[in-house]
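First up is the structure itself, then whatever we jot down about it.
The values are calculated or read from the model by the stated rules, or taken from the named source; none is laboratory data. Remember, predicted model here, so these are calculated numbers, not experimental data. Note that we place each Cβ from the backbone using ideal geometry, even for glycine, and neighbour counts take in every protein chain shown.
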Amino acid sequence: MRTKPLLKKYTVTLMWNVIDVLLPPRCIGTGEIVSAQGMVSQDLWSDLDFIAAPYCRICGQPFELADELSDDAECASCIADPPKFDTARSALTYNDASRKLLLGFKYGDQQHAAVTFATWIKNTAPDIFASADFIVPVPLHWRRHWQRRFNQSALIGSALAKLTNLTVRHALTRRRFTSTQKGLSRKDRLKNVRMAFVVNPALIEKIKNKHIVLIDDVMTSGATVNECAKVLKRAGAKKVSVFTVARVLRNTEYYPDTDDFDPIDEGY
Ligand SMILES: [Zn+2]
């Protein structure tokens, strides 16, 4: 009988049409009605700043003086103090618009945005995913996870796994519930993050000589992803490529001083 699957397909389509009428898709940042789930309203879209080359080969910080730089140029910060990760790429700069998206995702009812974010992340460097072995989300402390009911980095990681045919391994755990980082100096923030992550003992053998994609929602000073990369490298990872939805640019005036983010999220 071939009519049954067809009937099922039409029933599902009809069901979604009814849901769209009753609960129209809304912008993941502003809540305005948009034409499809996961879309961003036109106004918000025009305020998003997608990061484009040229940027530092390692940390991905965009260069302001583009003309004189080659594709493999490194920024002064990476030359002076090379990070533990091999590369870091972000889809967006952190500004009012991307902040709205991330807050809607993290604290609003917009978790389906993970699919949109994963698509943007993949587009930043498809070649890196081609050589990667698996995805590791930056973990939340269990208490934070329990409060929020989900780990935003894991949601993005799962969506990315579907797009890249990679698997997600929860290879890291967070063992300290640190106090707020707000108001702390960079040095104190780094100290706060240090020792916060450990490798899941059950996955140590899986990590050795592997190229790991590390996922977080936002990168500010880079302290969190750097610490995660350090722990993974120490456990034998060959390469760690970091991806985030957005990043705070160095030398920017846009450096939020609110409690938007988790206490441990590098300064918030
Ligand atoms: Zn750099």
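Quick grid of which residues meet (1) closer than 17 Å to Val225 by Cα; (2) more than 16 Å from the ligand (Cβ to nearest atom); (3) surrounded by fewer than 19 Cβ atoms within 10 Å (Cβ to Cβ):
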| site | (1), (2), (3) |
| --- | --- |
| Lys84 | yes, no, yes |
| Arg99 | no, yes, no |
| Phe105 | no, yes, no |
| Lys122 | no, yes, yes |
| Phe129 | no, yes, no |
| Asp133 | no, yes, yes |
Checklist entry - Which ones in the range 80-112 are farther than 15 Å from Ile51 by Cβ, out of contact with any helix residue (DSSP H, G or I) (no Cβ under 7 Å at 6 or more places or on another chain), modelled with pLDDT of 90 or more and part of a loop (DSSP other than H, G, I, E, B)? => result Asp81, Pro82, Asp86
Checklist entry - Which number in (1) modelled with pLDDT of 90 or more; (2) part of a loop (DSSP other than H, G, I, E, B) marks the one condition that Pro263 misses? => result (1)
Item to check | Residue that is farthest from the ligand (Cβ to nearest atom), among those in the range 35-67 that are farther than 15 Å from Ser90 by Cβ and surrounded by 13 or more Cβ atoms within 10 Å (Cβ to Cβ) | outcome: Gln37
Checklist entry - Can you pull out the residues in the range 123-155 that are of a type in the set (A, V, I, L, M) and either within 17 Å of the chain's Cα centre (by Cα) or part of a loop (DSSP other than H, G, I, E, B) (or both)? => result Ala125, Ile128, Ala132, Ile135, Val136, Val138, Leu140, Ala154, Leu155
